[in-house]
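All remarks here apply to the structure that follows.
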Amino acid sequence: MTGLLATISGHALSILGAGCLIGAALAATMAVSVDLASPGRRVLLSWTPIAVAVIIVRYMGWPQIAVGLIFGTSVALLSVGLGSITAITPIGPAPQRWRRIWPFTLVAALLVFLSGFTGSLPGPNAIALLVEGLIVFSLWNDPEIQNVEISPRTSPVQHALWTIVWIVPAICLAGFGAYFVAHGTAALQQDHPRLSPGVTAASVLSPCLIVPLLLGDRHAARSGASWIAVTSLVGIVLLNLCLLLPLLAMGPYVKAIRGMVNLSPLVIDIRGYSPQAMIYPWGVWRLDAMLLVIISAFFVPVGLGKWNLTRRDGVALSLAYLIYLMVIRASAS
């Protein structure tokens, strides 16, 4: 009877958490709905629910869910995300100053994939990803690519108020969603110890965070600005791999440094420094990281202006995501 109650409670909390994550993503989509003029702001606002959810579930002691969200959302964005845009318009001509950022996804994906050979995410690899993130950020903030204007519809004050009105609920809902998901997973594992939190995060929770964002990107594509939608997808993936993932990987090292310090009295014991690098799940490396490398390599010629993605390519990318979902669900059974 206790196991049944735990299962019911776990499912209820997980469903509630998924609903909150959907609401967070919808609120973030509304926050960027008046902002076709700035790919940078679109990326940060769209990425906020993902970042909040990942940080909170990691803080609550569920690194598997955090990693699953990072890789699950990244795969979804580079597959069905690009596919949904090409269903509206081919992805091709774009301002070179923005298009030059797109190929960096392959560099990040390769660094992440190579880390998997060690079975963990060591500090040097995390630092390499952070360095790439700094390079991309420096390009993103190049004065040459600022002040892109595409029919602004609101004044700066109205725009700021609109953003605040929607991004605050997005942050709160993402936090509540992560909290409920973590507690729901804990309850389910009492009666289902073989449940894979990482697989659930990648296959169920990640679409909850991504699908609403894709609706906003489709709106940008319909407005004749498919390159803004693509830049938004690429930017979120780069923030996932070059900021969120390194932050998770550096956590054990920060904890080890804190363990060296005794405040009363103040003593620093170097012998206490023994970090345990974060485990890199085998399934994530074998499937998610490999798929990110393949799709990113496929996307490089587009970023270099040598190839346009057509509807046929978009269908192939969407089918790849469906196959990905079926494979990870089958691997968990």
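Quick look at the numbers
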{"read-out": "Verdict on Ile85 being crowded, with 24+ Cβ neighbours inside 10 Å and not hydroxyl-bearing (Ser, Thr, Tyr)", "value": "yes"}
{"read-out": "Some residue of the range 58-73 being among the polar types (S, T, N, Q), over 21 Å from Gln158 (Cα atoms) and surrounded by fewer than 23 Cβ atoms within 10 Å (Cβ to Cβ)", "value": "yes"}
{"read-out": "Scope the range 288-333; condition of a type in the set (D, E, K, R) and within 17 Å of Val237 (Cβ to Cβ); matching residues", "value": "Asp288"}
{"read-out": "Residues that are in contact (Cβ under 8 Å) with a residue 60 or more places away in the chain and either of a type in the set (Val, Ile, Thr) or farther than 27 Å from Trp307 by Cα (or both), drawn from the range 105-116", "value": "Thr105, Val112, Ser115, Gly116"}
{"read-out": "Which numbered condition Ile15 misses (of (1) at pLDDT below 90; (2) over 21 Å from Ser74 (Cα atoms))", "value": "(1)"}
{"read-out": "Lone qualifier among Leu121, Leu114 - being under 19 Å from Leu292 (Cα atoms) and either surrounded by 15 or more Cβ atoms within 10 Å (Cβ to Cβ) or of a type in the set (Gly, Ala, Ser) (or both)", "value": "Leu121"}
{"read-out": "Residue in the range 212-233 that is assigned to a loop (DSSP other than H, G, I, E, B) and buried (at least 20 other Cβ atoms within 10 Å of the Cβ) present", "value": "yes"}
{"read-out": "First in the range 85-104 and among the polar types (S, T, N, Q) and at pLDDT 75 or above, second anywhere and buried (at least 20 other Cβ atoms within 10 Å of the Cβ) and not in a loop (DSSP other than H, G, I, E, B), Cβ under 9 Å, 6 or more apart", "value": "Thr86/Ala221; Thr86/Ser226; Thr86/Leu309; Thr86/Gly314; Thr86/Leu317; Thr89/Ala221; Thr89/Ser226"}
{"read-out": "Selection from the range 97-139 of residues that are hydroxyl-bearing (Ser, Thr, Tyr), more than 22 Å from Pro39 (Cα to Cα) and part of a helix (DSSP H, G or I)", "value": "Ser115, Thr118"}
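The values are calculated or read from the model by the stated rules, or taken from the named source; none is laboratory data. Note that this is a predicted model, so its numbers are computed, not measured. All Cβ positions, glycine included, derive from the backbone under ideal geometry; neighbour counts span all protein chains shown.
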